[in-house]
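A short worksheet on the structure shown next.
Just so it is clear, none of the values below were taken in a lab; they were calculated from the coordinates. Everything numeric in this text was worked out from a predicted model, so none of it was measured. FYI the Cβ positions are ideal-geometry reconstructions off the backbone, even for glycines, and counts take in every protein chain you see.
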Amino acid sequence: MFDSLTGRLGTVFDKLTRRGALSDGDVDAALREVRQALLEADVALPVTQDFIKQVRERAVGEEVVKSVAPGQMVVKIVNDCLVKTLGSETVDINLNAAPPASIMMVGLQGSGKTTTTAKLAKRLVERDKKKVLMASLDTRRPAAMEQLKVLGETINVPTLPIVEGQNPDGIAKRAMQSANLQGFDIILLDTAGRMHVDEALMTEVQAVHGVAQPIETLLVVDSLTGQDAVNVAEQFG
Ligand SMILES: Nc1nc2c(ncn2[C@@H]2O[C@H](COP(=O)(O)OP(=O)(O)OP(=O)(O)O)[C@@H](O)[C@H]2O)c(=O)[nH]1
Ligand SMILES: [Mg+2]
């Protein structure tokens, strides 16, 4: 997605930077192309509209520095707004909570929750020197719990022993107890996915959330999801 977006925006800006003076019409035309480039890259419509509005407000609000060409100024404003929209900084997980702190992984089916749980566990152990326990709360998909167990064995991170017939919130409770008794710093809770966000999923996620009181809930989305990711994120609240 970013490749095609980069290509499209590059063409728009090439046209702009070659001009001497810019009229309002030029800015409008350029923003129309930016808008189309964003939409073609499957950026959600509300996100695109908000972005264009921001750029226009700043462009019209006259932040033009005298020494640069107007075209370059528009490029700079678009760049600043892009950085702001995409996030100018990464935020680390705050690990200073009283142990055991739990982190809950949520997302749609096959989005990569279980894989990401293991990757995150490895990082927390190796980089942050934390004692990490992983627990699968996936009671829906056959072998989902074994999947996490196998990953845990591969990266040498313990997983909560599998007990058949427990509810997700029951498993979360057991994970908290084990972590307390065994002195773990962090519990990673890998939840079950669904095809769509539905009532049953939300009830389950809320029940687990209530039991585990996670310091973070991480939404895992497939990078190819495109604009639907916005809807999913909103539904998960
Ligand atoms: N290419 C690629 N594949 C990935 C990545 N993460 C996970 N996968 C693959 O995507 C598939 C699903 O990953 P899982 O981690 O099992 O996804 P999940 O969200 O736990 O799935 P459910 O528990 O069934 O909802 C597996 O085949 C993974 O190997 C990734 O970053 N890149
Ligand atoms: Mg999974």
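Odds and ends about this structure:
- Residue order, fewest to most surrounding Cβ atoms within 10 angstrom, among Met195, Met73: Met195, Met73
- Nearest-ten-degree value, helix 168-182 long axis tilted from longest Cα axis of the chain: 70 degrees
- In degrees, nearest ten, helix 113-126 long axis to first principal axis of the chain (Cα): 80 degrees
- Summary value for the stretch 101-236: 41 percent relative contact order, contacts being C-alpha pairs under 8 angstrom separated by 6+ residues.
- Under 12 Å of direct C-alpha separation, and excluding same-chain neighbours fewer than eight residues apart, Lys76 reaches these aspartates and glutamates: Glu63.
- Annotation: amide H of Ser102 within the under-5 Å range of Ile187, Ile215, sequence separation 5 or more or interchain, hydrogens built in the peptide plane.
- The listed peptides 117-124, 144-151, 176-183, 133-140, ordered by packing as a protection proxy, come out as 133-140, 117-124, 144-151, 176-183 (highest mean of other Cβ atoms within 10 Å first).
- Assigned charges on the beta-carbon of Lys, Arg, Asp, Glu; the chain dipole about Cα centre (debye): 540 debye
- Largest GNM mean-square fluctuation among Pro46, Pro158, Pro100, using the chain with Cα springs under 10 Å: Pro46.
- Cα point-scatterer Debye curve for the chain, base-10 log of I(q)/I(0) at q = 0.10, 0.13 Å⁻¹: -0.61, -0.82
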